[in-house]
Amino acid sequence: MELQAAFDVLLTSDSALDGLDALIWQSLAAGAISAGHPWANGCLTTLSVSAAGRVCPSSRTVVLRRCDIAERSIDCHTDLRSAKVHELAAQGGEVCWLFYDQASRIQLRLQGVAHVLNDRSVDADWENVSSLSRSAYLSVETPGKAVAGQQPPSTKDRFVDPQESERGRDNFRVVRTKIDAADWLYLKDGGHVRASFRYVEGGVTEAAWLVP
């Protein structure tokens, strides 16, 4: 069932708020395993310090790699040398995720604290990374480094055989975000609908409808 249809059906229920949180997380889980899902990609925002010394948002699109409904956590992959890793360390891991489906006009914002993982579970994740995707972790220079010249830097050296690609594991990490709060907005024809959720100690969820 497409994203919009699933939420439309739920909103006809007498207990729509009770089921909304579950549907949101089911949709995130679907996005983590299906590249064609509207929430397969999200925008991850960290906090960075500008050249002028101001704390400012730093956003980028990432692929949703894993969703643990029971733990209220979601994962993406990153390069150890990337700016986001340094920003997470400097700002206590505070992040915001944004998902939006243009077709249904449904938006989801998630706030939480992210940690960079490099344990045995990350070894298993690396084994599932395709040879093509491993190329992202094989750059000699640090990602984001400025390069002189009129042409973009070559990436030919990154496309290697599977055995050589194993050196990319040194740079590969998983960013896991423990979600504290969610804000769901449906720009529905005939009247927008919005709800919020807070995930507190003991697995309790505090839910409320909001004025859209």
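Where a number appears in this text, it was derived from the coordinates with a stated rule and is not lab data. Just so we're clear, the structure is a prediction, and the values are computed from it rather than from any experiment. Cβ sites come from the backbone with ideal geometry, for glycine too, and all protein chains shown count toward neighbours.
Within the same chain, lysines fewer than 8 places from Lys156 are excluded, and of the rest, those with a Cα less than 27 Å from its Cα are Lys84, Lys145. Please state the shape class of the stretch 79-139: rounded when a/c is under 1.5, otherwise prolate if a/b exceeds b/c and oblate if not, all from the C-alpha gyration tensor. Oblate shape, in that a/c is at least 1.5 and b/c is the bigger or equal ratio. Among Thr177, Thr12, sorting on how many other beta-carbon atoms sit within 10 Å of each Cβ, with the fewest leading, yields Thr12, Thr177. Expressed in Å, the radius of gyration and Dmax of the Cα atoms of the stretch 1-113 are 15.9, 52.
Need one number for the chain: average projected area of the convex hull over its C-alpha atoms, nm².
Taking the Cα atoms of the chain, their convex hull projects to 14.9 nm² on average.
If a spin label sat at a point 7 angstrom from the Cα of Ala83 along the line to its beta carbon, the backbone N atoms of the stretch 149-177 nearer than 18 Å would be those of 153.
For an R0 of 22 angstrom, estimate the FRET efficiency from the Cβ-Cβ distance between Thr12 and Ser196 and round to the nearest 0.05. Provide the component values of the computation, followed by the final result.
Details: r = 21 Å, r/R0 = 0.95.
So, using R0 = 22 Å, E works out to roughly 0.55.
Relative contact order, whole percent, for the stretch 1-50 stands at 23, derived from Cα pairs under 8 Å and 6 or more residues apart. With a Förster radius of 30 Å applied to the beta-carbon distance between Val147 and Leu98, the computed FRET efficiency rounds to 0.50. In terms of packing, defined here as the mean over residues of other Cβ atoms within 10 angstrom, the peptides 84-91, 125-132 line up highest first as 84-91, 125-132. Rounded to the nearest 20, the Cβ-based charge dipole of the chain about its Cα centre (Lys and Arg +1, Asp and Glu -1) stands at 700 debye. Using the Cβ-Cβ distance between Thr205 and His115 with R0 set to 25 Å, the FRET efficiency from 1/(1 + (r/R0)^6) comes to roughly 0.70.
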